[in-house]
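*Asks:* Supplied in structure tokens, the structure appears directly below.
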Amino acid sequence: MAWNVKQSATTQIPRRKEPYLTPQMQEKYRAEILPRYQTTMGALMPILHDVQHHYGHIPYQSMIEIANFLKITPGDVLDTVSFYEEYRIEPVGKHVIGVCQSIACEFCGCGHTALLNHLKKKLDIEEHETTDDGKITLLAMECLGACDLAPVALVNGTLHTNLTIEKMDQVLDSLK
């Protein structure tokens, strides 16, 4: 495996005029989230969840705003966002399909590779891409904690179990 080096020191972050962390959001965080934690770092994940819930993803500009609000480094925010799969830096489609690709399920021969390949072909996208019409984002996810019911997929937050290609096609049809 080769490491691709990025010139992050010169990377330009897309910015918009209005902040992502609105005054109302900051007040809510001060009143409801910060008091629950001994340090501001403890409040990072709940705030990230709220920002993602509000905007559908966590833009880079918002990461800087969150860092300033919590008085931590932007690197701490980016490290957290990039470590956990549930956080998204890029916008996603109206529907999000996450197929479990756990190594445990792979050894059991549960068929998630065939399921993922079927979805990539049918949707004409790769993992972590969104269809051209913006309707569906396909994710390859790590363990969803349902190995005994594999193959599984998380579709718009709902777990679908014991999937076959036919069952997955029915799920896709229901999204239209």
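The values are calculated or read from the model by the stated rules, or taken from the named source; none is laboratory data. Values in this document were obtained by computation on a predicted structure and should not be read as measured data. Don't worry about glycine lacking a Cβ; one is built from the backbone with ideal geometry, like all the others, and counts go over all protein chains shown. Side chains included, ligands, DNA and RNA excluded: accessible areas come from the protein's heavy atoms. Shrake-Rupley method; radii C 1.70, N 1.55, O 1.52, S 1.80 Å.
*Asks:* Going by the structure shown, is TYR84 loosely packed, with under 14 Cβ neighbours inside 10 Å, hydroxyl-bearing (Ser, Thr, Tyr) and at pLDDT 90 or above?
*Replies:* Working: loosely packed, with under 14 Cβ neighbours inside 10 Å: yes; hydroxyl-bearing (Ser, Thr, Tyr): yes; at pLDDT 90 or above: no.
Answer is no for this residue.
*Asks:* Another question, then. For residues that are outside any loop (DSSP other than H, G, I, E, B) and open to solvent by 100 Å² or more (accessible area, probe 1.4 Å), tally how many sit in the stretch 11-37.
*Replies:* Of the residues in that region, 5 qualify.
*Asks:* I've got another one for you. Sort out which residues of the stretch 42-72 are touching a residue at least 40 places away in the same chain (Cβ under 8 Å), open to solvent by less than 30 Å² (accessible area, probe 1.4 Å) and over 13 Å from THR22 (Cα atoms), and write them in order of number.
*Replies:* PRO59
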